[in-house]
Every structure is written in structure tokens, then in C-alpha cells.
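J.: What follows is a single structure, and I will ask about it in a moment.
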Amino acid sequence: FGIKYRPSVNLKIWAFHLRESIHFTSSGSLTALYQYLPILLISVYLSSYELGLFSAPYRIVMAAGSAGALLPMSFYPVFSDLYHTDIKKFHTTYKMFQIVLMITGLLAAVIGTLFADEIIKLLLGQQYLNSTAVFKILVWMIPLYFLGFTYGTVLLATGFQKYYNIASLVGVICTITVGLYLIPGFSVIGGSCVALAAEAAVVGAMLTISRYTFKKTYRQAS
């Protein structure tokens with residue numbers, strides 16, 4: 001197309017992008033930390049057998065949650081553009097987007113609960129059937145993941161990425177405090193409840209942050 005590319009040496013722009021990317025990096029690191037802390041705590045307090053009973057279905061749920069992130073990421077540029085050009089349409093699209101993801105997440109959780117034995121046997125084999133009870137708890141993280149995507153994606157797309165760190169930090173604190181009590185006393189079932197509680201705490205934090213930031217901007221636009 002005859003387009004020529006030249007490197008930019010504007011250090012102010014470089015510094016600006018570096019400052020903005022730090023929030024993405026830190027929130028991503030905190031998210032990975034609270035998601036893998038249950039596995040770490042189980043490995044400390046319980047046996048390798050119990051660790052396997054937990055980590056196998058946990059990987060399935062996390063994989064399903066990661067697959068669910070594809071739709072939110074595709075909406076990322078849409079939300080970013082609408083937030084700066086049409087705030088009312090932004091809120092309308094946001095609500096529709098949230099409804100679709102919530103219905104999808106709830107359907108996945110219900111199906112996972114009803115057919116837990118079949119899913120475990122199909123994906124892990126007969127020897128992992130003892131993981132069924134763990135899977136039935138963890139599968140309810142999927143609607144929480146999807147609901148979290150509706151808040152997290154929009155926070156990142158609209159310039160409020162620094163607030164995402166607060167929600168991720170809440171997840172870390174919840175996992176440690178609840179995990180130190182539930183995992184030693186209730187084994188892998190306790191670990192499953194810890195993971196579920198941490199995700200619920202993160203979603204609750206993002207809900208609170210989103211209501212404050214987006215309602216404030218909506219009132220300003222009105």
C-alpha cells in the first residue's frame with residue numbers, strides 16, 4: 001500500500017505506555033497468584049494424591065474459563081471506542097454483553113454439575129472419579145469467571161485498569177485467609193470452596209468498582 005514505517009523515538013510516549021502497561025502487568029500477576037495459591041496451599045497441607053484430586057478438575061475449569069475470555073477480548077476495542085464516543089450506547093452494549101455471558105456461564109455450571117461423572121470420565125478417566133465432588137464445586141467458578149470478564153474487560157478497556165489491581169489483591173487476601181482455615185480442616189473440598197470464595201470476592205470487588213466508575217461517568221455524560 002506504499003505505507004512506510006519509521007521507529008518513534010519520542011521518549012514521553014514510551015514512558016506513557018510503560019506507565020499504563022504496569023497496571024496490566026501487576027493485575028495479571030496478582031490474578032495468577034490468587035488462582036494458583038489454592039494448589040500451593042494444598043501441596044503444603046495435604047498429600048500428593050489429594051493435590052491430584054484437586055488440580056485435575058481445577059485445570060478443566062480454568063481451561064473453560066480461559067476459553068470464555070475470547071468473547072470479552074473481542075469486545076475490548078468496541079467498549080474502548082464507545083466509552084469515548086457514545087456513553088449511552090456503551091452502557092446498553094455493556095448490559096447486553098453481561099446478560100449473554102451470564103447465561104452462558106450458568107448453563108455451563110448447570111451442565112457441569114448434572115453430568116460431572118461423565119465429564120470427569122471423558123476428560124480424565126475412570127481413576128479420577130473421586131474428583132467428581134471437587135468438580136461439582138469448582139464448576140460454579142465458570143459463571144463467576146464470565147461475570148468477572150464483563151467487569152474486568154470493561155475496566156481495562158476504559159482506562160480504569162489501575163482499579164483492577166484492587167480486585168486482584170482482594171482475591172489474594174481472600175485465598176490466603178480462607179485457605180489457611182478451610183484446607184487443613186476440610187481437605188480438597190475446603191480447597192474447592194477457597195477457590196470459589198476467592199473468585200466471588202474478586203467479582204464482588206469489581207462489581208463495586210464498576211458501579212462507582214461507570215455510574216459516575218454516565219451521570220457526567222447525561
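J.: Any chance you could count how many residues in the range 199-214 are over 13 Å from the mean Cα position of the chain (by Cα) and in contact (Cβ under 8 Å) with a residue 24 or more places away in the chain?
T.: 4
J.: Now, a different point. Would you confirm, using the coordinates I've provided, whether residue 43 is in contact with a helix residue (DSSP H, G or I) (Cβ under 7 Å, 6 or more places away or on another chain), open to solvent by 40 Å² or more (accessible area, probe 1.4 Å) and without any contact (Cβ under 8 Å) to a residue 24 or more places away in the chain?
T.: So residue 43 passes the test.
J.: Could I ask something else about it? Mind listing whichever residues of the range 174-191 are hydrophobic (A, V, I, L, M, F, W, C) and either buried (at least 19 other Cβ atoms within 10 Å of the Cβ) or touching a residue at least 12 places away in the same chain (Cβ under 8 Å) (or both)? Step through it out loud before you land on a result.
T.: Taking the range 174-191 and keeping what is hydrophobic (A, V, I, L, M, F, W, C), we get 174, 176, 178, 180, 182-183, 186, 188-189.
Residues satisfying the conditions are 174, 176, 178, 180, 182, 183, 188, 189.
J.: I need a count of the residues in the range 95-121 that are of a type in the set (Val, Ile, Thr), within 22 Å of residue 76 (Cα to Cα) and in contact with a helix residue (DSSP H, G or I) (Cβ under 7 Å, 6 or more places away or on another chain).
T.: Residues flagged as of a type in the set (Val, Ile, Thr), within 22 Å of residue 76 (Cα to Cα) and in contact with a helix residue (DSSP H, G or I) (Cβ under 7 Å, 6 or more places away or on another chain) within the range 95-121 amount to 1.
J.: Further question: Residues that are modelled with pLDDT under 85, more than 20 Å from the chain's Cα centre (by Cα), more than 27 Å from residue 170 (Cβ to Cβ) and open to solvent by 40 Å² or more (accessible area, probe 1.4 Å): does the range 88-95 have at least one? Give the derivation first.
T.: Taking the range 88-95 as the starting set, the residues that turn out to be modelled with pLDDT under 85 are 88, 90-91, 94.
From what is left, the residues that are more than 20 Å from the chain's Cα centre (by Cα) are 88, 90-91.
Now restrict to residues that are more than 27 Å from residue 170 (Cβ to Cβ): 88.
Remaining after also requiring open to solvent by 40 Å² or more (accessible area, probe 1.4 Å): 88.
Checked the range 88-95: at least one residue is modelled with pLDDT under 85, more than 20 Å from the chain's Cα centre (by Cα), more than 27 Å from residue 170 (Cβ to Cβ) and open to solvent by 40 Å² or more (accessible area, probe 1.4 Å).
J.: Please go through the range 107-158 and pick out each residue that is within 17 Å of the chain's Cα centre (by Cα), more than 16 Å from residue 68 (Cα to Cα) and open to solvent by 20 Å² or more (accessible area, probe 1.4 Å).
T.: 137, 156
J.: Here is a further query. Please find, within the range 1-33, the residue that is nearest to the chain's Cα centre (by Cα) out of those that are of a type in the set (Phe, Trp, Tyr) and over 27 Å from residue 164 (Cβ atoms).
T.: Among residues in the range 1-33 that are of a type in the set (Phe, Trp, Tyr) and over 27 Å from residue 164 (Cβ atoms), the one nearest to the chain's Cα centre (by Cα) is 5.
J.: Can you tell me which condition residue 104 does not meet? The list is (1) modelled with pLDDT of 95 or more; (2) farther than 27 Å from residue 25 by Cα; (3) open to solvent by 10 Å² or more (accessible area, probe 1.4 Å); (4) among the β-branched types (Val, Ile, Thr), and all the others hold.
T.: The single condition residue 104 does not satisfy is (1).
The values are calculated or read from the model by the stated rules, or taken from the named source; none is laboratory data. What you see is a predicted model, and the numbers here were worked out from it, not measured in a lab. Every residue, glycine as well, gets a Cβ built from its backbone with ideal geometry; the counts of neighbours run over all protein chains shown. Heavy atoms of the whole protein, side chains included, go into the accessibility calculation; ligands, DNA and RNA do not. Shrake-Rupley method; radii C 1.70, N 1.55, O 1.52, S 1.80 Å.
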